[in-house]
Amino acid sequence: MTEAAFTPRVFSGIQPSGNLHLGNYLGALKRFAEAQDKGLETLYCMVDLHAVTVWQDPAALRHATRELAAGFIASGLDPARSILFNQSQVAEHTQMAWVFNCVTRMGWMQRMTQFKDKAGKNAQNASLGLFAYPALMAADILTYHATHVPVGEDQKQHLELTRDIAMKFNHDYGVDFFPVPEPVIEGTATRVMSLRDGASKMSKSDPSDMSRINLTDDADTIAKKIRKAKTDPAPLPSEIVGLADRPEARNLVNIYAALTDQSVDQVLRECGAMPFSAFKPRLADLAVEKLAPISAEMARLMQDVAEIDRILADGARRARALAAPILRQTYDIMGMVGAREV
Ligand code: TYM
């Protein structure tokens, strides 16, 4: 199959499970805005149906979905140029997910490390939805014939599965119907690490709020978290090899590079040999300069949730118009009577 046969279309999603953080911003939101600003066709989804694969309090989910939408807009996503919507409002996602449940093999799902991590020791008590999660994710992407999917490093395995699902469907039915989408995992911040532990990734679910910078943090909190970030006693190296065994130092340099749109080499040319007592305040100033306006804009947008709901409803309507014919054609390929337009 030649991917060139498909018009470039970008799709990605974020779970509205609260605590939107710097990793989500640098690994996803900032890059979503860059794709939009390049003039590509972009769809971005608050994946509320994915969020409920683990328990969500209804009021908290409602709040987190609106806050995530505010985070998208505050990060530069323009609802006129990008389609912004919440997953549950476009039924085609779940309809296509069922199709992919039937394409995906149990063995493929059993290999998913995110399921193992999230289900933990008590996998028998995890929801069936958590197990089937990657099929819904494949449906999110393929229901739009999306060709490019910007994500952080932790989503790589899910995207490989999406590619396998697309190829298996095409092969089983002898068609060239679904594109095999490209993961776009680029830049210096594809895996932002915890500020307390350079070995674990910055995450919404880390019990320590000091481990992450939330997009809702105010300037003082951001500065305090960076000041207290774990580091080692040595100054920054002047070359990238010097970061090899220093995960905390490498993480802060990566964050600095991503916030300034520079390479790690460029940052080390500028800041090499600096002690952390000098680098941390510099990083804190930078983070405040870049993130405080986002947090302020999110707070402003959250004062008018009716407007956010209107934006999401408009996005869902536009998304449905793209998804419906692709689902219909999928059903028709599979032999579902009534799917073909008469
Ligand atoms: P989620 O909600 O966990 O994360 C949203 C995005 O943020 C990225 N990310 C990070 N990037 C860098 N450093 C980090 N520490 C970090 N933490 C999170 C994630 O890689 C992701 O890009 N399954 C997805 C949501 C999803 C989706 C989709 C994505 C559902 N359907 C279709 C793409 C296409 C998830 O749980 O992301």
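The values are calculated or read from the model by the stated rules, or taken from the named source; none is laboratory data. The model shown is predicted, which means the values in this text are computed figures rather than measured ones. Here the Cβ is made from the backbone with ideal geometry for all residues, glycine too, and neighbour counts use every protein chain on show. Areas reflect the complete protein model, heavy atoms only, side chains present, ligands, DNA and RNA absent. Shrake-Rupley method; radii C 1.70, N 1.55, O 1.52, S 1.80 Å.
Side notes on the structure shown:
- Accessible solvent surface per residue of the chain, calculated while the other protein chains remain in place, 1.4 angstrom probe, Å²: 46
- Seen against the Cα atoms of the chain and their longest principal axis, helix 156-173 is set at about 20 degrees.
- Residue list for the stretch 207-236, given a label point 7 angstrom along the Cα-to-Cβ vector of Val54 and an amide N cut-off under 13 Å: 207-208
- Using 0.36 nm per residue and subtracting the Cα-Cα separation, the extra length available between Asp218 and Met336 on full extension is 37.1 nm.
- Cross-link partners of Lys38 among lysines (Cα-Cα below 17 Å; sequence separation of 8 or more within a chain): Lys30
- Near the amide H of Arg9, within less than 5 Å, lie the amide hydrogens of Thr147, His148, all on another chain or at least 5 residues away, with H placed in the peptide plane.
- Candidates Thr260, Ala199, Ala91 compared by Cα position along the dipole of the chain: farthest toward the positive end lies Ala199, with charges placed on Cβ.
- Per-pair calculated FRET efficiency, R0 = 41 Å: Arg317 and Cys102 via Cβ, rounded to 0.05: 0.90
- Protection proxy ranking for 120-129, 229-238, 22-31, using the average of other Cβ atoms within 10 Å per residue and placing the highest first: 22-31, 229-238, 120-129.
- Size of charge dipole - the stretch 209-300 - debye, nearest 20, with Cβ of Lys, Arg +1 and Asp, Glu -1, no other charges: 220
- Local electrostatic count at Ile308 - Lys and Arg +1, Asp and Glu -1, tallied over other residues with Cβ under 12 Å: -1
- Estimated FRET transfer efficiency (His171, Arg328; beta-carbon r; R0 22 Å; 0.05): 0.55
- Taking the Cα centre of the chain as origin and assigning +1 to Lys and Arg Cβ atoms and -1 to Asp and Glu Cβ atoms, the resulting dipole is close to 600 debye.
- Ellipticity estimate at 222 nm from DSSP helix runs (n ≥ 4, -39,500 (n - 2.57)) divided over the chain, nearest 500: -16000 deg cm²/dmol
- Apportionment of accessible area to carbon and sulfur, the chain, percent (1.4 Å): 52
- Peptide ranges 46-53, 266-273 listed from the most packed, as the mean C-beta count within 10 angstrom indicates: 46-53, 266-273
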